[in-house]
1. May I ask you to list the residues in the stretch 25-51 that are loosely packed, with under 11 Cβ neighbours inside 10 Å and either farther than 22 Å from residue 70 by Cα or touching a Ser or Thr at 6+ places or on another chain (Cβ under 9 Å) (or both)?
2. Which one of the conditions (1) touching an Asp or Glu at 6+ places or on another chain (Cβ under 8 Å); (2) exposed (fewer than 11 other Cβ atoms within 10 Å of the Cβ) does residue 22 fail to meet, given that it meets all the rest?
3. Can you go through 100, 122, 142 and tell me which one is assigned to a helix (DSSP H, G or I) and at pLDDT below 50?
4. What number of residues within the stretch 81-93 satisfy the criterion of being surrounded by fewer than 21 Cβ atoms within 10 Å (Cβ to Cβ) and in a helix (DSSP H, G or I)?
5. Can residue 63 be described as modelled with pLDDT of 90 or more, basic (Lys, Arg) and under 21 Å from residue 101 (Cβ atoms)?
6. Pairs under 6 Å by beta carbon, first residue in a strand (DSSP E or B) in the stretch 31-57, partner among the hydrophobic types (A, V, I, L, M, F, W, C) and loosely packed, with under 10 Cβ neighbours inside 10 Å, six or more apart or different chains?
7. Inside the stretch 70-90, can you point out the residues that are among the hydrophobic types (A, V, I, L, M, F, W, C) and over 13 Å from the mean Cα position of the chain (by Cα)?
Amino acid sequence: MTPEGRIKADILRYLERRGFFAWNNPSGAVRIAPDRWLSFGKKGSADILGCLPDGRFLAIEVKAQRGHLSPEQSAFLEKIRGLGGMALVVRSFRELDVALRRDGYADDGPLFEGGNMGKQALLHKENGTGNGVKNGVETAILSKGKKT
């Protein structure tokens with residue numbers, strides 16, 4: 001699994017445990033014959049889509065530590081923000097938690113609750129180190145939508 005794939009899986013588990021309605025949004029193309037491709041999804045659409053508890057649209061683009069947005073991804077996120085949705089670029093589930101708490105969508109309860117997904121397992125999956133921090137610094141949220 002890629003670093004982004006591990007982060008996406010953690011974010012989806014986090015959202016599910018918090019009661020959010022969200023799903024993985026794959027996009028790309030697959031070769032179905034030597035000279036034929038099947039494309040799926042909207043080019044530039046966010047990795048994770050969903051709805052916030054108040055009905056606002058949620059779009060989350062997940063990037064590894066050194067990942068950058070494509071022009072199509074930037075345009076997609078700006079469109080969501082322009083229509084009143086929350087559009088984020090995150091590099092860990094912790095960044096998502098900070099954004100949701102900041103905008104009033106997550107309480108101050110514990111980040112890690114019950115089940116078999118304990119703190120160490122999540123942090124290990126987040127960046128492969130188990131410490132939840134990259135080079136001693138947690139990356140800040142790169143962007144946010146407008147709350148109406």
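The values are calculated or read from the model by the stated rules, or taken from the named source; none is laboratory data. Note that the structure is predicted; figures quoted are calculated from it, not measured. Methodologically, a virtual Cβ is constructed for each residue, glycine included, from the backbone with ideal geometry; neighbour enumeration extends over all protein chains shown.
1. Quick first cut of the stretch 25-51, residues loosely packed, with under 11 Cβ neighbours inside 10 Å only: 26, 28, 30-40.
Of everything in the stretch 25-51, those that are loosely packed, with under 11 Cβ neighbours inside 10 Å and either farther than 22 Å from residue 70 by Cα or touching a Ser or Thr at 6+ places or on another chain (Cβ under 9 Å) (or both) turn out to be 28, 30, 31, 32, 33, 34, 35, 36, 39, 40.
2. (2)
3. Working: 100 fails: at pLDDT below 50; 142 fails: assigned to a helix (DSSP H, G or I).
On inspection, the qualifying residue turns out to be 122.
4. 2
5. Yes.
6. Pairs that qualify, where the first residue is in a strand (DSSP E or B) and the partner is among the hydrophobic types (A, V, I, L, M, F, W, C) and loosely packed, with under 10 Cβ neighbours inside 10 Å, are 38/30; 38/32.
7. Within the stretch 70-90, the first condition is being among the hydrophobic types (A, V, I, L, M, F, W, C), and the residues that meet it are 75-77, 80, 83, 86-90.
Correct list: 75, 76, 80, 83.
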